[in-house]
1. Which members of region 367-387 meet the condition of being part of a helix (DSSP H, G or I) and surrounded by 10 or more Cβ atoms within 10 Å (Cβ to Cβ)?
2. Determine whether Lys344 is surrounded by fewer than 18 Cβ atoms within 10 Å (Cβ to Cβ) and not in a helix (DSSP H, G or I).
3. Is it the case, given these coordinates, that Thr215 is assigned by TED's automatic domain parsing to the domain that holds Lys288, in contact (Cβ under 8 Å) with a residue 12 or more places away in the chain, of a type in the set (Val, Ile, Thr) and farther than 21 Å from Val176 by Cβ?
4. Looking at (1) part of a loop (DSSP other than H, G, I, E, B); (2) β-branched (Val, Ile, Thr); (3) without any contact (Cβ under 8 Å) to a residue 12 or more places away in the chain, which is the one condition that is false for Thr426?
5. Checking Trp395 against (1) in a loop (DSSP other than H, G, I, E, B); (2) among the hydrophobic types (A, V, I, L, M, F, W, C); (3) out of contact with any helix residue (DSSP H, G or I) (no Cβ under 9 Å at 6 or more places or on another chain): exactly one of these is not met. Which one?
6. Name the single residue that is nearest to the chain's Cα centre (by Cα) among those in region 372-419 being basic (Lys, Arg) and at pLDDT below 95.
7. Does region 203-218 contain any residue that is under 21 Å from Phe301 (Cα atoms), in contact with a Leu (Cβ under 7 Å, 6 or more places away or on another chain), assigned to a loop (DSSP other than H, G, I, E, B) and at pLDDT 85 or above?
8. Quick one: in region 388-437, of everything that is farther than 30 Å from Arg270 by Cα and among the aliphatic types (A, V, I, L, M), which residue is surrounded by the most Cβ atoms within 10 Å (Cβ to Cβ)?
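The values are calculated or read from the model by the stated rules, or taken from the named source; none is laboratory data. Just so it is clear, the structure is predicted and the values come from calculations on it, not from any experiment. As a convention, Cβ positions derive from the backbone with ideal geometry for all residues, glycine included, and neighbour counts pool all protein chains shown.
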Amino acid sequence: MSLANEPFPESPAQMSLKHCMPSLPDLLSNRFIPIQDAVLSALSPQDLARLSGVCRDLHSVVQGARNWDSWLQTWFSNPKDFRSLQGKLNAIITGNPLIDFIARTQHFINSDPTLNVIIPGPDRKAMMRYLISDGYEAPCEKAPSGCDDFAFDECIRLVHPTRTVNGANKASILVVRAEPYHSPIHLPLDKSCGTTIQQNYATWNKVYSLFPSSTFIDKEGYLMVELSERVGPTLYQLSKGGYKAKDIHWFEKNYKAPGMTSEMLTRSRRIGDQHTLVIRLSTADVSKPAVPDGALESTTFYLFKEVRNGISFYDVNCNIKICHPVLRYVYELLYDETDNEYNKSIRHLQVRLDNLARMELYKIPVEQRPAGYQSLVLNRNVSCTEWHFNKPDSWTYYDDDVIEYLAKIWRDREQKELEMKELEATQKGAKKRLLHR
């Protein structure tokens with residue numbers, strides 16, 4: 001028998017060396033910082049989008065290929081101080097300039113260097129004070145209703161008198177108050193961004209791009225608001241920047257076409273999932289806030305086709321709001337009529353939280369109990385809007401448990417979807433074999 005094509009057996013030394021060789025995820029991890037920086041700095045946004053979709057390990061180690069602090073100097077004299085305050089106030093950044101950061105371009109910054117800072121209402125004054133101390137001019141009046149890409153009217157624009165881009169357009173910040181009793185992510189995700197191209201967010205430590213494949217590989221996006229005059233300037237700027245905007249995807253989900261498919265757009269999503277491009281930012285000298293990443297990354301949603309005045313666009317299903325007296329943060333979740341098990345898990349969570357809230361009430365000493373205590377105890381539906389009293393030091397919050405619970409039921413949902421797809425593929429294969437007999 002000829003051994004010409006047979007591989008030689010590996011020696012113990014070769015086997016040991018092979019076992020020790022780092023994998024690509026290893027090389028891109030924090031264990032090899034110089035290698036990571038060298039590799040990632042050479043990657044284009046298209047490369048980053050593809051890399052993050054290769055496997056879960058690679059998705060989790062994609063790091064910032066640009067210096068976020070240097071980029072933020074267009075707007076802030078001390079980006080680290082701003083990021084520390086941003087994290088403390090649970091604020092998120094949105095706006096067209098984020099497209100430039102990810103794509104390593106200057107188009108949107110050059111045309112309109114405006115960042116949107118979305119922040120819970122009670123903390124907006126703290127952000128305004130910081131910006132004014134950084135040289136921004138205090139506004140004489142509120143920005144008009146419907147300002148820029150935001151339909152919600154609680155937004156104020158601050159302009160820096162001397163900080164400009166190319167000596168022309170002045171840097172500006174649009175401070176937007178998040179909707180009451182909602183997470184800051186709800187406003188741009190559900191109501192305000194004109195297209196999927198603009199679904200990019202920055203927290204104190206991460207940049208998220210929800211549709212990186214269609215945006216940075218295919219260079220196209222889809223309407224997420226009803227077509228109107230208000231959307232026109234947005235579509236113009238996207239076109240000038242080299243991005244093609246469509247109303248909805250042209251093909252049905254079963255149409256076998258390359259690139260982004262209709263099904264990819266309308267599948268159930270979770271912020272930070274394997275379909276999200278996540279760029280982790282250096283947090284050196286940035287104060288770590290109490291707000292966990294999971295408060296934002298628990299957000300789930302899906303897009304669905306809507307038609308108004310004969311024109312199609314994608315609306316967002318993110319209709320369940322978990323806002324509760326025993327939670328510090330608000331959680332935004334999708335509602336899926338086709339998944340009773342998932343919906344049942346959400347209802348179960350709400351019942352558990354109601355029970356925990358009543359337990360916290362009973363913990364309060366009699367002499368310290370708030371006005372209306374008895375009605376709060378007896379009311380079957382616990383509402384964060386009705387529990388307006390100073391919580392005692394003994395009050396316990398359960399965000400860590402809720403974040404873990406939501407992650408678990410989402411993993412179960414993903415596993416169920418995977419098993420159903422595998423079963424469907426098996427059945428199709430069996431049907432084909434029967435037809436060819």
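1. Across region 367-387, the qualifying residues are Gln368, Tyr373, Gln374, Leu376, Val377.
2. On the way: surrounded by fewer than 18 Cβ atoms within 10 Å (Cβ to Cβ): yes; not in a helix (DSSP H, G or I): no.
Answer is no for this residue.
3. yes
4. Checking Thr426 against (1) part of a loop (DSSP other than H, G, I, E, B); (2) β-branched (Val, Ile, Thr); (3) without any contact (Cβ under 8 Å) to a residue 12 or more places away in the chain, the one that fails is (1).
5. So Trp395 meets the others, but not (3).
6. Arg411
7. Scanning region 203-218, I find at least one residue that is under 21 Å from Phe301 (Cα atoms), in contact with a Leu (Cβ under 7 Å, 6 or more places away or on another chain), assigned to a loop (DSSP other than H, G, I, E, B) and at pLDDT 85 or above, so the answer is yes.
8. Ala430
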